[in-house]
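The values are calculated or read from the model by the stated rules, or taken from the named source; none is laboratory data. Quick caveat, the model's predicted, so the values are computed rather than measured. Don't worry about glycine lacking a Cβ; one is built from the backbone with ideal geometry, like all the others, and counts go over all protein chains shown.
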Amino acid sequence: MKKTAIKFLLSFMCVAAAVPASAQFNLKKAIGGATKAVQAATLTDAQMAEYVKESVDWMDKNNPVTPDDNPYTIRLKKLTEGITEADGIPLNFKVYDVIDVNAFACPDGSVRVFSSLMDIMSDDELLGIIGHEIGHVMKHHSKNAFRTQLLTDALKDGIASTGGKAAALTESQLGTLGSGLINAKFSQKQENEADNCGYDFLVSKGKNPWGMVMAFEKFLKMEGENGGKSSYVSKMFSSHPETQARIDKMTKRCQADGFQRPAAEKSK
């Protein structure tokens, strides 16, 4: 057990000794919750991977995944051909046929793109978004966000690792964790890191990084048209000026590296 965790528990115990007996019942519950949180904090990478896989499987089961012969699936497979791993993390791609404009990538390399996002994005723009989301995985933002969500549930519901085996998750917990993966919000610093990492990733796979700029420009336009009410726009961009700053930064990188901006094309 980590020293900080031990100090955390000892502080609870010291307070308990000074509290009247009538108030110690709730305090004992708090100590129990702290113990479970400490157990969850010691989860190994393998146990984390189990939780991630279980959450992704639950989401795939509870969302309409387009079949292999569906035009959305065919388009995504064509776009991501040859993109099989990121820093040793195997990637897999699926489309959720839902009305929300969204996309997300999980710590295990599962990338999920919503059909409504594909409807408004060109191929280059869509690749730019995918590159950005993979950037979050490569920088471990997604993993850290998932761990935070897991620890939050540990305090609330008592998720813990026992006997070297990760505790089973309830349907409710899986739903909460799945929602956390889909709607994870990152700091401006993390978003900028994902931009740069995603840019490098796309270049390494022989893709034109201008798509990221073009996607951001479309999001900026959406911000102006509907106040940024799209969940994905509000998730990726915390403020209008920051959106423009990210566009300018990525534009300069593309120009400095000598990439030709693709001609505008209609979304599929």
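With respect to G135, determine if the residue is of a type outside the set (V, I, T), part of a helix (DSSP H, G or I) and modelled with pLDDT of 95 or more.
For G135, the condition - of a type outside the set (V, I, T), part of a helix (DSSP H, G or I) and modelled with pLDDT of 95 or more - is met.
Looking at this structure, is I129 more than 16 Å from the chain's Cα centre (by Cα) and closer than 18 Å to P209 by Cα?
The answer is no for I129.
For the stretch 220-268, how many residues are under 24 Å from S116 (Cα atoms), at pLDDT 85 or above and among the small types (G, A, S)?
Of the residues in that region, 1 qualify.
I'd like to verify a number: residues in the stretch 40-74 that are at pLDDT 95 or above and either in contact with a Ser or Thr (Cβ under 6 Å, 6 or more places away or on another chain) or at positive phi (or both), how many?
Selection size over the stretch 40-74: 4.
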